[in-house]
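The values are calculated or read from the model by the stated rules, or taken from the named source; none is laboratory data. Treat the numbers as computed from the prediction; the structure is a model and nothing was measured. No Cβ is skipped: glycine too gets one built from the backbone with ideal geometry, and neighbour counts run over all protein chains shown. Ligands, DNA and RNA are stripped out before the accessible areas are found, and what is left, the full protein with its side chains, is counted by its heavy atoms. Shrake-Rupley method; radii C 1.70, N 1.55, O 1.52, S 1.80 Å.
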Amino acid sequence: MVGEGTVEAAGGQAVIAGWMDKHREMYRRATKHPFVLSIRGGTVDLSSFKRWLEQDYVFVRGFVPFVASVLLKASRESDDETDMETILGGMASLYEELSWFRTEAFKWGLPLLDIIPRRANQDYCRFLRSLEEPEADYTTTMVALWAIETVYQESFSLCLEDGSKTPPELMETCQRWGNAGFRGYCDSLRRIAERRLEMAQAGIQKNAEAAFERVLELEVSFWDMSSGSSPL
Ligand SMILES: Cc1ncc(CN)c(N)n1
């Protein structure tokens, strides 16, 4: 599309578009999960929602150091100095996000203390730890950051669409990630990923695709865990 990013990114856009096509089913499972559809349909079991809230608080506490590691790689490895500021903006919002979790949990009578991370959460946080290592290249970690944020943006924006029956008490949660501002942040992450993929060697592109797939798998497992359809 004319004006859609620079010519350089065109190749990167084709790379991500190719992944979206190749991994279409996994992407659908991650962004239209029954748990999310049950929120949109107003049939979500509140004990599942509370389980998701507790587990996601643990996840976000593990997500912070991961975003910090991407910020560090952006400052050291990026060809474009604006990358660091884009990621810093996302990082800054996590400070407010953690206090939002505590307020929301209080509303539901959840203490948010001594939460036992369930298996899917442990697996996800272990994956994030692996991407924090110096060996994980900047392009791959940028793709993972974009994928992680975009799955939530697409999932929760479903719950805000006309015709959704999202319970009023869950609207704030859905707006947190479903809002247009967060969509804009995800689009800026995608543009960085596309630019980096365009300039990446084939080996890095393969590494990044594997990270994209792994994020989708881990998101599906996280939703499964939240809805109680997976072991502890
Ligand atoms: C499991 C998960 N994935 C993504 C996000 C959005 N940062 C989140 N809060 N939790």
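Of the candidates F101, F49, the single residue that is among the aromatic types (F, W, Y), part of a helix (DSSP H, G or I) and within 13 Å of the ligand (Cβ to nearest atom) is F101.
Per the conditions (1) open to solvent by 20 Å² or more (accessible area, probe 1.4 Å); (2) more than 30 Å from I204 (Cβ to Cβ); (3) not small (G, A, S), the sole criterion not satisfied by F101 is (1). Checked against (1) assigned to a helix (DSSP H, G or I); (2) open to solvent by 20 Å² or more (accessible area, probe 1.4 Å), K73 passes all but a single condition, namely (2).
Annotation: S221 fulfils all but one of (1) more than 16 Å from the ligand (Cβ to nearest atom); (2) under 16 Å from F63 (Cβ atoms); the unmet one is (1).
Rundown of residues vs (1) at pLDDT 95 or above; (2) within 19 Å of the chain's Cα centre (by Cα), yes/no style:
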site: G5; (1), (2): no, no
site: I16; (1), (2): yes, yes
site: Y27; (1), (2): yes, yes
site: F35; (1), (2): yes, yes
site: K50; (1), (2): yes, no
site: V70; (1), (2): yes, yes
site: A74; (1), (2): yes, yes
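Taking the stretch 104-124 as the range and being closer than 11 Å to E54 by Cβ and part of a loop (DSSP other than H, G, I, E, B) as the test, the residues that pass are W108, L110, P111, L112, L113, D114, I115, I116, P117, R118.
For the stretch 180-195, give me each residue that is open to solvent by 50 Å² or more (accessible area, probe 1.4 Å) and touching a helix residue (DSSP H, G or I) at 6+ places or on another chain (Cβ under 8 Å). If you could, list the steps in order and put the result at the bottom.
Within the stretch 180-195, the subset open to solvent by 50 Å² or more (accessible area, probe 1.4 Å) is 180-181, 183, 187, 190-191.
Matches in the stretch 180-195: R183, R190, R191.
Annotation note: of E54, E81, the sole residue that is open to solvent by 20 Å² or more (accessible area, probe 1.4 Å) and within 14 Å of the ligand (Cβ to nearest atom) is E54. Criterion first (surrounded by fewer than 14 Cβ atoms within 10 Å (Cβ to Cβ), more than 10 Å from the ligand (Cβ to nearest atom) and touching a residue at least 60 places away in the same chain (Cβ under 8 Å)) does D114 satisfy it? In short, no.
Scanning the stretch 206-226 for residues that are over 23 Å from I116 (Cα atoms), crowded, with 20+ Cβ neighbours inside 10 Å and over 12 Å from the mean Cα position of the chain (by Cα) gives A208, A211.
Only residues that are more than 16 Å from A193 (Cα to Cα) and free of Cβ contacts under 8 Å to residues at least 40 places away in the same chain were counted in the stretch 77-92, giving 2.
So which of E169, E194 ends up being closer than 18 Å to Y27 by Cβ and at pLDDT 95 or above?
Numbers: E169 fails: closer than 18 Å to Y27 by Cβ.
After ruling out the rest, the residue left standing is E194.
Listed here are the residues, each with its yes/no results for (1) surrounded by fewer than 22 Cβ atoms within 10 Å (Cβ to Cβ); (2) in contact with a strand residue (DSSP E or B) (Cβ under 6 Å, 6 or more places away or on another chain); (3) in a helix (DSSP H, G or I); (4) among the hydrophobic types (A, V, I, L, M, F, W, C).
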position: T141; (1), (2), (3), (4): no, no, yes, no
position: L145; (1), (2), (3), (4): no, no, yes, yes
position: L170; (1), (2), (3), (4): yes, no, yes, yes
position: L197; (1), (2), (3), (4): no, no, yes, yes
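Applying the criterion of being touching a residue at least 60 places away in the same chain (Cβ under 8 Å) and open to solvent by 20 Å² or more (accessible area, probe 1.4 Å) to the residues of the stretch 130-139, the residue that is farthest from the ligand (Cβ to nearest atom) is D137.
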